[in-house]
Structures are given as C-alpha cells and as structure tokens.
Amino acid sequence: KAVIVIEEKCKSCGECIQSCPFDAMTLDSKTGKPLVCDLCGGDPACVQNCPSGAIVYGRAIENHK
C-alpha cells in the first residue's frame with residue numbers, strides 16, 4: 001500500500017505536509033500539489049540501493065530476520 005494524492009481533489013492547502021511527523025511530504029514547486037513516496041511503483045529504489053540491506057519492502061518485518 002502507498003499514499004496516493006488525487007490531484008483533482010487536492011486544494012494544495014499543505015495540511016498533509018504540516019501534519020506528517022516524519023516530514024515525508026513536500027509540495028511540488030511546479031504543481032503546488034503534495035509529493036509523497038509512491039514506493040517506486042512497487043519496486044522501491046531505496047531497497048534496491050541500500051548497501052547493508054537494512055531497508056526491506058514486504059508485509060512483515062518477521063519475514064526479514
């Protein structure tokens with residue numbers, strides 16, 4: 001699952017950005033709409049490029065012990 005922004009409904013108020021405790025969202029400087037990680041369409045680049053294998057993409061952390 002991932003957070004998806006439905007651009008037609010978004011009013012660019014910035015409330016989502018202000019409320020995120022992890023600063024994981026920003027506003028696109030061109031569109032004014034929020035940018036959210038979309039998990040690279042299901043194949044996250046952060047997982048592919050983590051040299052230590054510390055970032056995993058899966059259902060439960062127990063699968064990766």
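The values are calculated or read from the model by the stated rules, or taken from the named source; none is laboratory data. Given the structure is predicted, the values throughout are model-derived calculations rather than measurements. Backbone-built Cβ (ideal geometry, glycine too); neighbour counts: all protein chains shown. Protein only, heavy atoms only, side chains kept; ligands, DNA and RNA dropped before computing areas. Shrake-Rupley method; radii C 1.70, N 1.55, O 1.52, S 1.80 Å.
Looking only at region 44-65, count how many residues are open to solvent by 90 Å² or more (accessible area, probe 1.4 Å) and at pLDDT below 90. Qualifying residue count, region 44-65: 6. Counting only residues that are of a type in the set (A, V, I, L, M), open to solvent by less than 70 Å² (accessible area, probe 1.4 Å) and not in a loop (DSSP other than H, G, I, E, B), region 4-28 holds 1 of them. Only residues that are within 11 Å of the chain's Cα centre (by Cα) and free of Cβ contacts under 8 Å to residues at least 12 places away in the same chain: list them for region 1-19, please. Across region 1-19, the qualifying residue is only 1.
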